1. Can you pull out the residues in region 23-46 that are open to solvent by 70 Å² or more (accessible area, probe 1.4 Å) and under 20 Å from Leu104 (Cβ atoms)?
2. Open to solvent by 50 Å² or more (accessible area, probe 1.4 Å), under 24 Å from Ser6 (Cα atoms) and of a type in the set (Ser, Thr, Tyr): is that true of Tyr20 in this structure?
3. Has region 5-12 got at least one residue that is open to solvent by 80 Å² or more (accessible area, probe 1.4 Å) and at pLDDT below 95?
4. Output the helices (runs of 4 or more DSSP H) that fall wholly within region 1-68 and possess 2 or more residues being touching a residue at least 60 places away in the same chain (Cβ under 8 Å), or say none.
Amino acid sequence: MIARGSLAISGLVIFAGTMYLAAYASSPWMNVVWLTISLGALGFPVVTSWAAVTDLGNEYSGSVSGWMNLWGNLGAFVSPLLCGWLAENIGWESTLLVSIVPILFASLLWFGIRPDRSLT
C-alpha cells in the first residue's frame, strides 16, 4: 500500500492542485504549464493502478484489468462530452474546478485498496 498508494495519491493530489492553478492562471503560458504538470501527474496513478491489478487479481488479473479497462474507456468516452457541455454552460474556469472533484474522490478511494491482499 505504501509503495503503490502513496505514488497514486500523490499524483492525484498534484493533479488537483495544478488544475486549480490552471483554472486561475492569468496568462495562457502559465495555463499551459499548469495543465501540462497536472496531466503529467496523472501518469503516477495510471502506472500504480496497473501494478495493483496484477497484485489484486493474481490468476484473474486479466479479468480485473478488463473491468478496469471497461470503466476507464467509458469515462474516456463520456468526459469530453461532459466537459464540452459544462464549458458551454458554466465556463471553462468552473469546468476545470469541477474536474477536481472526482480526482479527490479517487484519491480517497485509494486508501481502501490493499494491493497486498488478493481479491481471490
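The values are calculated or read from the model by the stated rules, or taken from the named source; none is laboratory data. The shown structure was predicted, so the numbers you read here are calculated from the model rather than taken from an experiment. So basically every Cβ, Gly included, is an ideal-geometry build from the backbone, and we count neighbours across all protein chains shown. Heads up: the accessible areas ignore ligands, DNA and RNA and are worked out on the full protein's heavy atoms, side chains in. Shrake-Rupley method; radii C 1.70, N 1.55, O 1.52, S 1.80 Å.
1. If we filter region 23-46 for residues that are open to solvent by 70 Å² or more (accessible area, probe 1.4 Å), which is where we start, we get 24, 26, 28-29, 32, 36-37, 39, 44, 46.
Within region 23-46, Tyr24, Ile37, Leu39, Phe44, Val46 meet the criteria.
2. When the stated conditions are applied, Tyr20 passes them.
3. First pass over region 5-12, keeping only residues open to solvent by 80 Å² or more (accessible area, probe 1.4 Å): none.
Scanning region 5-12, I find no residue that is open to solvent by 80 Å² or more (accessible area, probe 1.4 Å) and at pLDDT below 95, so the answer is no.
4. Numbers: elements: 2-23, 28-41, 43-57.
Where helices (runs of 4 or more DSSP H) fall fully within region 1-68 and carry at least 2 residues being touching a residue at least 60 places away in the same chain (Cβ under 8 Å), they are 2-23, 43-57.
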